[in-house]
Amino acid sequence: MKVRPDIAEFIASIEVFGGRKLYYPSEISELLQIAFESESTNEFEDLIFQAKFLTRTQEVMKKIGYEAEGFDKLSAEFQSGLTRARDLLKLLLGRTSADVTRKYSEMFFTLEIEGLSRLMKLYSDLSWIKNWQIDGKPLPYERKLLKTILDHEPVNQQINEKQKSSSTKSLMRIQRSAMLGLILFVLFLLIDPPVTILGWIISLWIAVLLVYIVFQMLSYHKE
């Protein structure tokens with residue numbers, strides 16, 4: 001699949017932003033291309049939200065261990081999120097060619113342990129796109145929308161539409177970020193209140209995330 005030049009540039013920016021190479025840069029580029037071509041950007045944003053939830057939940061599960069109280073409930077939430085993310089990924093792939101769909105099925109949807117491992121690495125890559133979005137940076141299709149507005153609308157309408165689009169996107173990001181923080185916090189409460197150093201570390205991470213969300217909301221209202 002031939003990928004748009006701006007998407008290739010975006011992937012390079014994500015790697016700089018994350019401070020590491022993506023596991024599957026080509027596949028992430030293709031998913032962005034599919035979302036753009038099929039007008040499935042909402043589904044793509046749902047996917048990156050689920051990807052961040054899964055990667056963070058997996059980190060917590062590894063830290064507390066399977067013998068910890070509440071691990072079973074946490075694992076159930078993880079499995080539910082995994083199903084949702086797979087459905088979203090399959091939905092996107094259903095809107096492209098059969099060859100591309102087959103490639104992803106063979107790479108990520110096998111029942112072998114290696115298949116799940118590759119899938120979680122793909123979600124790890126997608127979670128960095130969510131981090132990018134939470135940081136207030138635009139995705140490639142958002143840049144394209146802004147360019148279209150600037151190229152084809154009268155000046156006053158350009159400003160109004162740009163502000164409206166920016167406000168709507170900012171609100172959506174805040175809502176998604178708040179939801180993510182709430183889910184992680186609820187999951188944490190399923191485990192005993194922090195009585196260990198690890199518990200306090202997890203608690204501190206959640207607190208920092210929630211403070212960041214509050215800061216976003218305050219910044220949004222100032223704008």
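Note on residue 38 and residue 73: their simple-model spin labels are 3.6 nm apart, each label 7 Å out from Cα toward Cβ.
Taking label positions 7 Å along the Cα-Cβ direction at both residue 17 and residue 205, the computed distance is 2.1 nm, reported to one decimal.
When only alpha carbons are used to place a centre, the stretch 67-93 and the stretch 98-137 end up 14 Å from one another. The residue 135 and residue 80 beta-carbon pair, evaluated with R₀ = 25 Å, returns a calculated FRET efficiency of approximately 0.35. Pairs from the list 63/130; 21/73; 2/62; 62/90 with a Cα-Cα gap above 30 Å: 21/73; 2/62.
Among the GluC sites (Glu not before Pro) found in the stretch 62-99, those both in a DSSP coil and sparsely packed, with 16 or fewer other Cβ atoms within 10 Å of their Cβ, are 67, 69.
Counting only residues at least eight positions apart within a chain, or on another chain, the aspartates and glutamates with an alpha carbon under 12 Å from that of residue 121 are 27.
Just so you know, all these numbers are worked out from the coordinates, no wet-lab data involved. Since the model is a prediction, treat every value here as computed from it, not as a measurement. With ideal geometry, Cβ positions are generated from the backbone for all residues, glycine too; neighbour counts draw on all protein chains shown.
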